[in-house]
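As structure tokens, the structure follows; a few thoughts come after it.
Quick note: the coordinates plus some simple rules give every number you see, no bench work behind them. These numbers were taken from a predicted model, which means no experiment stands behind them. All Cβ positions, even for glycine, are placed from backbone atoms using ideal geometry, and neighbour counts span all protein chains on display.
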Amino acid sequence: EAGVAQSPRYKIIEKRQSVAFWCNPISGHATLYWYQQILGQGPKLLIQFQNNGVVDDSQLPKDRFSAERLKGVDSTLKIQPAKLEDSAVYLCASSPRLAASTDTQYFGPGTRLTVL
Amino acid sequence: GQQVMQIPQYQHVQEGEDFTTYCNSSTTLSNIQWYKQRPGGHPVFLIQLVKSGEVKKQKRLTFQFGEAKKNSSLHITATQTTDVGTYFCAAISSGSARQLTFGSGTQLTVLP
């Protein structure tokens with residue numbers, strides 16, 4: 001079974017530029033998550049989708065971050081414009097069922113973003 | 001919002017020594033999950049605890065969930081160099097939206 005795929009793996013941009021990350025979850029997984037992991041910290045949930053609907057985006061800085069999951073499969077996360085403090089690893093994860101708090105989350109390899 | 005405190009932040013042990021990391025919450029948790037993240041890698045699920053007082057074992061790893069469901073621990077017996085990484089607990093509090101809140105992690109270094 002293929003895991004969660006993410007691209008690009010690394011991205012370096014200057015502040016005020018825009019950047020987009022892509023995630024392809026495990027086939028058939030209903031729930032998709034985007035996390036931000038700053039160096040030395042645990043992952044912080046940015047947004048959670050169930051199929052193509054947003055369940056929780058309470059920690060997403062909506063003035064600069066946006067995300068979508070068209071057709072309930074792939075997802076993109078965009079930052080526009082980027083700030084220095086956005087430097088982090090952006091992790092995508094998926095889990096099989098809808099609204100199942102006991103589900104395991106499967107993480108992708110992440111995209112390491114450096115904002116100069 | 002939900003906060004999960006994890007200690008210690010760093011732990012250096014000699015190979016063969018034991019290691020324990022602790023996770024504490026001020027609110028009752030519905031369940032708790034543990035993940036391991038190798039250096040440069042991504043979090044990988046280890047186990048989930050659901051019941052009060054639950055104890056689960058995976059080879060040299062022992063996971064416990066407190067009786068009040070507000071704390072948990074991970075104990076590794078006789079550490080090996082392959083145990084190196086950061087161990088995170090992640091919790092969903094009772095009654096909340098089904099999101100995981102990760103602790104800050106314990107970074108384990110095993111000296112050969």
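Oblate is the label for region B:52-112. Its Cα gyration tensor axes, ordered a ≥ b ≥ c, give a/c of at least 1.5 and b/c at or above a/b. Couplings 3J(HN,Hα) of region A:12-20, computed from phi: 10, 9, 9, 4, 6, 7, 10, 8, 9 Hz, in residue order, whole Hz [Karplus 6.51 cos²θ - 1.76 cosθ + 1.60, θ = phi - 60°; x for Gly and Pro]. Spin-label model, A:Asp74 to B:Lys56: label points 7 Å out along the Cα-to-beta-carbon direction sit 3.4 nm apart.
Tell me, what is the percent relative contact order of region A:33-97, built from C-alpha pairs under 8 Å that lie six or more residues apart? Relative CO of region A:33-97 lands at 36 percent. In a simple Cβ point-charge model (Lys, Arg +1; Asp, Glu -1; nothing else charged), the protein assembly as shown has a dipole of about 300 debye relative to its Cα centre. Cβ crowding within 10 Å, taken as a proxy for footprinting-reagent exposure, orders B:Ser30, A:Ser27, A:Ser95 from fewest neighbours to most as A:Ser27, B:Ser30, A:Ser95.
For each of A:His29, B:His12, B:His42, count neighbouring Cβ atoms within 10 Å of the residue's Cβ, then give the residues from fewest to most.
Values: A:His29 18, B:His12 11, B:His42 22.
Going from least to most buried by this count: B:His12, A:His29, B:His42.
Springs between Cα atoms under 10 Å define the GNM used for chain A, and in it the highest mean-square fluctuation of A:Asp63, A:Asp86, A:Asp74 occurs at A:Asp63. Tell me which GluC sites (Glu not before Pro) from region B:1-97 have a DSSP coil assignment and no more than 16 other beta carbons within 10 Å of their own. Sites meeting the loop and neighbour criteria: B:Glu15, B:Glu17, B:Glu67. Using a Gaussian network model on chain B with a 10 Å cutoff between Cα atoms, which of B:Gln48, B:Gln80, B:Gln58 fluctuates the most? Highest fluctuation among the options: B:Gln58. Straight-line reach only, C-alpha to C-alpha below 15 angstrom: list the aspartates and glutamates that B:Lys59 could link to, leaving out same-chain residues fewer than 8 apart. Cross-link targets: B:Asp18, B:Asp83. Residues within the reach of a label modelled at B:Arg38 (point 7 angstrom out along Cα to beta-carbon, backbone nitrogen below 17 Å), restricted to region A:1-28, are A:3-4. Take each residue in B:35-45, count the other chain C-beta atoms within 10 Å of its C-beta, and the mean is 5.
A Gaussian network model of chain A, with springs between Cα atoms under 10 Å, assigns the largest mean-square fluctuation among A:Val89, A:Val55, A:Val73 to A:Val55.
Modelled this way, with points 7 Å down the Cα-to-C-beta line, the labels at A:Lys15 and B:Leu111 are 4.0 nm from one another. The overall shape of the protein assembly as shown is prolate: from the C-alpha gyration tensor, with semi-axes ordered a ≥ b ≥ c, the ratio a/c is 1.5 or greater and a/b exceeds b/c. In this structure, the pairs whose alpha-carbon distance is over 22 Å, taken from A:Lys44/B:Lys56; A:Lys11/A:Lys83; A:Lys62/A:Lys83, are A:Lys44/B:Lys56.
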